[in-house]
Amino acid sequence: MTNNDLIKKAETVLNNNFKEDKGFTIPCEGLYPFQWNWDSGFIAVGFAHYDANKAKREVEALLSAQWENGFIPHIIFHNDSDTYFPGPEFHQSKLHPLASKSHRTTGMTQPPVLGFVLKEMYDIIEDKADILNFIKQNIDKVFNNHQHFYTHRDPNQEGLVFIYHNWESGTDNSPIWDDIWGTMDPPNYKFERRDTTHVDAAQRPTNREYDYYLHLIEIAKAHNYDEAKIAELSPFLVQDPLFNAMLIKSNAALIELYELIGDSEDKIKTLRQWQKKAITRFNEKLFNEKLGAYVHYDLRNEKQIEFLSSSSFAPIFADIPNEERAEIIVKTMMDKFGSEDRYLCASFDPSSDRFNPKKYWRGPVWINLNWLLFKGLKSYGFYDIANRVKDDSVQLIERYGFYEYFDSRKSVKENAGYGGNNFSWSAALLIDLLKC
Ligand code: GLC
């Protein structure tokens with residue numbers, strides 16, 4: 001298949017998932033019938049290449065549900081659907097006094113990609129005056145979102161923000177959380193899963209894992225999603241290197257965009273202060289010398305979580321490591337994840353006994369992480385490895401389709417594309433990979 005054919009197919013996937021009436025794109029039919037926060041960011045990057053209007057509408061639809069305190073939720077329930085659990089009745093975002101009045105949402109967020117997505121859109125879209133105008137209208141909302149994070153998600157005022165739920169990480173059932181589940185004893189909730197009617201249960205989290213996920217939400221709901229209370233009480237309180245790298249990259253993008261806009265000295269000054277503190281602390285607190293990479297920090301139990309995942313290498317996308325440290329983490333990535341019989345980059349350490357090549361974030365390759373790694377590797381001059389990440393991503397999609405995640409083992413003979421098919425961000429980021 002030529003690259004142009006692949007791009008056309010990707011555009012069809014995106015167009016089919018776009019909901020014209022509300023102006024947003026579902027991640028995938030059936031499995032994810034609403035608007036998801038970081039999915040929308042990646043999707044807007046794909047649209048920017050061929051339909052600037054849709055890219056802008058995607059971002060606007062997400063921001064239309066921003067809370068009055070700057071918080072941007074992880075799911076926006078623009079419509080009703082009975083194919084997904086847990087839906088708006090479970091989350092009850094309205095418990096928070098500053099929740100969106102116009103939209104039902106969840107009370108949690110996702111990796112803050114919007115800042116750097118706006119910059120990507122500026123770089124891609126040809127009509128610079130028009131896109132800059134769009135950015136001018138929306139950039140303060142993203143700034144307010146970052147301000148919210150640094151005010152309400154950083155109890156030690158150290159420049160690193162916490163997540164209180166695994167769904168906030170974007171890497172839902174990563175083995176990283178297993179030891180935290182070990183500290184909890186939630187009830188066995190009665191609920192009807194919908195995801196396993198769309199996808200083989202072997203590729204999804206277990207029911208018991210869902211008990212933990214629901215219990216964390218119940219704790220937050222019992223305190224009306226008050227983040228100070230959550231910081232005090234949630235058994236899950238983690239400083240995630242992927243999440244914080246996205247915030248840092250978005251800070252950097254906002255600085256560049258405010259410079260283009262002009263007349264924004266105060267905001268730029270504040271962003272620079274956040275940035276300096278965040279990058280310094282990130283390198284002090286989240287680097288693990290023994291593993292040779294960044295790791296998650298369990299803020300509730302005050303210790304590093306000593307496992308390698310694709311999130312361990314994401315800081316390379318946000319200019320966080322110095323050159324020497326970048327060499328170290330790339331070497332770790334290649335030694336542990338990069339053998340010739342594997343596609344890059346597995347989402348979890350293939351040498352760990354927690355690795356599972358088929359199960360969601362416990363091992364499979366995800367295209368959004370590959371996209372971040374590709375860009376980061378290139379920016380540090382690791383061109384050969386960057387190209388391998390790109391080629392592996394393109395090959396997986398060309399061979400198996402626009403799946404949600406893929407088996408990293410090249411030896412797999414049957415279909416190695418798992419989860420939902422016609423998955424939006426796989427399509428959107430493939431377009432970007434093939435055009436850059
Ligand atoms: C899953 C993924 C998450 C994504 C969502 C919608 O929950 O883990 O990262 O945003 O699906 O695609």
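Just to be sure before I move on: is A202 hydrophobic (A, V, I, L, M, F, W, C), outside any loop (DSSP other than H, G, I, E, B) and either within 14 Å of the ligand (Cβ to nearest atom) or in contact with a Ser or Thr (Cβ under 9 Å, 6 or more places away or on another chain) (or both) in the structure I sent? When the stated conditions are applied, A202 does not pass them. The lone criterion from (1) more than 16 Å from the ligand (Cβ to nearest atom); (2) free of Cβ contacts under 8 Å to residues at least 24 places away in the same chain; (3) assigned to a helix (DSSP H, G or I) left unmet by D80 is number (3). From the list K56, K94, the one residue that fits, being more than 15 Å from the ligand (Cβ to nearest atom), assigned to a helix (DSSP H, G or I) and closer than 27 Å to I261 by Cα, is K56. Note on the range 402-420: among residues that are surrounded by 17 or more Cβ atoms within 10 Å (Cβ to Cβ) and assigned to a loop (DSSP other than H, G, I, E, B), the one that is farthest from the ligand (Cβ to nearest atom) is A416. Selection of first residues in the range 13-34 that are touching a residue at least 40 places away in the same chain (Cβ under 8 Å) and away from the ligand (no atom under 13 Å from the Cβ) and of second residues that are among the polar types (S, T, N, Q) and in a loop (DSSP other than H, G, I, E, B), restricted to Cβ pairs under 6 Å at least 6 apart or on distinct chains, gives the following pairs, ordered by first then second residue: V13/N422.
Would you confirm whether any residue within the range 143-153 is more than 20 Å from L260 (Cβ to Cβ), touching a strand residue (DSSP E or B) at 6+ places or on another chain (Cβ under 7 Å), away from the ligand (no atom under 16 Å from the Cβ) and at pLDDT 95 or above? Among the residues of the range 143-153, not one is more than 20 Å from L260 (Cβ to Cβ), touching a strand residue (DSSP E or B) at 6+ places or on another chain (Cβ under 7 Å), away from the ligand (no atom under 16 Å from the Cβ) and at pLDDT 95 or above, which makes the answer no. Among the conditions (1) more than 19 Å from the chain's Cα centre (by Cα); (2) at pLDDT 95 or above; (3) within 14 Å of the ligand (Cβ to nearest atom); (4) among the charged types (D, E, K, R), R194 misses just one, which is (2). Scanning the range 345-384 for residues that are more than 16 Å from the ligand (Cβ to nearest atom), more than 19 Å from A318 (Cβ to Cβ), part of a loop (DSSP other than H, G, I, E, B) and not polar (S, T, N, Q) yields D349, P350, D353, R354, F355, P357. Residues in the range 421-436 that are surrounded by fewer than 23 Cβ atoms within 10 Å (Cβ to Cβ) and within 16 Å of the ligand (Cβ to nearest atom): N421, N422.
The values are calculated or read from the model by the stated rules, or taken from the named source; none is laboratory data. The structure presented is a predicted model; accordingly, all values stated were derived computationally and were not measured. Glycine also receives a Cβ, built like all others from the backbone with ideal geometry; neighbour counts cover every protein chain displayed.
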